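Engineer: Have a look at this one.
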Amino acid sequence: EIEHLLHFEKGFHFTAWNLIIKPGKTIRTYLFENRNKFVKPVVYLFFASLIFTLFTSFFHIKYTYLNVGYIEPLKDKVNLKTIDNWLIGHIAYTNIIVGFCIAPWLLLIFRRRKHNIFEMIVLMSYILATGLLMTLPILAFIKMTNAFTNLTIIFIIYQIWAIGQFFGERKIANYIKALLAFFLGILTHVVIFFVIGYVNKHYM
């Protein structure tokens with residue numbers, strides 16, 4: 001897998017670049033045409049997460065990423081600090097969880113397309129990982145200002161664009177549906193960690 005990652009004419013570099021410039025077409029190609037040139041989605045996700053973690057750790061960059069700690073009504077009810085520390089410290093696992101939360105909503109909202117859960121998990125693995133990589137130049141720039149950075153807005157924009165492209169880039173309705181599925185998935189993510197945090201605070 002490492003050898004495959006480092007190939008320039010395919011592998012990680014090829015996969016990342018194509019997912020940045022044409023995410024929908026790239027993922028459709030991987031799923032339905034040719035998988036030889038692309039890194040497997042889970043491997044890609046973990047490698048992108050590793051790059052992101054090493055970068056932010058080396059430069060001591062503080063950030064928030066799909067956290068629940070900023071949700072004020074929950075602060076007195078659950079152990080948010082422990083949850084957020086875990087989410088930030090385990091970006092790859094966080095992305096896998098988020099992907100599993102969004103994938104069923106995509107199946108439901110785009111049910112006429114006859115996709116399966118495997119295809120939706122592949123879709124989310126690729127675009128969640130690429131979303132992380134796309135934030136790195138922005139983090140490098142913001143590092144010079146020593147600012148606390150919220151990556152959520154940057155992340156959401158790319159996710160909606162990539163999901164919409166996958167289902168058909170020429171239809172505005174697809175981007176609206178993508179936005180709905182994304183927020184329903186994030187809401188599911190918040191509910192799951194609310195339950196975990198509530199149990200952690202009151203019963204452990």
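Engineer: In what order, largest first, do Val122, Val43 sit by accessible area if the probe radius is 1.4 Å?
Structural biologist: Correct descending sequence by accessible area is Val43, Val122.
Engineer: Let me ask something else about it. How much accessible area does Leu19 have with a 1.4 Å probe, in Å² rounded to the nearest 10?
Structural biologist: Here the residue's solvent-accessible area equals roughly 0 Å².
Engineer: Just to verify a number: what accessible area does Phe32 come out at with the full protein assembly present, 1.4 Å probe, Å² rounded to tens?
Structural biologist: 110 Å²
Engineer: Starting from the residue with the highest accessible area, list Arg111, Arg28, Arg35, Arg170 in decreasing order, probe 1.4 Å.
Structural biologist: Arg170, Arg111, Arg35, Arg28
Engineer: Taking only the alpha-carbon atoms of segment 89-146, what semi-axes of the equivalent ellipsoid follow from 5 times the gyration tensor eigenvalues under a square root, in whole Å, largest first?
Structural biologist: Ellipsoid half-lengths, sorted descending, are 30, 12, 8 Å.
Engineer: Between Tyr93, Trp105, Pro137, whose Cα lies farthest towards the positive end of the dipole of segment 80-144 when Lys and Arg beta carbons carry +1 and Asp and Glu beta carbons carry -1, centred on the Cα centre?
Structural biologist: In segment 80-144, that residue is Trp105.
Engineer: What are the equivalent ellipsoid semi-axes of segment 90-197, built from the alpha-carbon gyration tensor (square roots of five times its eigenvalues), in whole angstrom, biggest first?
Structural biologist: Each semi-axis is the square root of five times an eigenvalue, giving 25, 18, 12 Å.
Engineer: Which entries of Lys37/Lys177; Lys10/Lys40; Lys10/Lys114 have Cα-Cα distances beyond 18 Å here?
Structural biologist: From the list (Lys37/Lys177; Lys10/Lys40; Lys10/Lys114), the Cα-Cα distance tops 18 Å for Lys37/Lys177; Lys10/Lys114.
The values are calculated or read from the model by the stated rules, or taken from the named source; none is laboratory data. Nothing here was measured: the structure is a model prediction, and the numbers come from that model. Cβ sites come from the backbone with ideal geometry, for glycine too, and all protein chains shown count toward neighbours. For accessibility, only protein heavy atoms count, side chains too; no ligands or nucleic acids. Shrake-Rupley method; radii C 1.70, N 1.55, O 1.52, S 1.80 Å.
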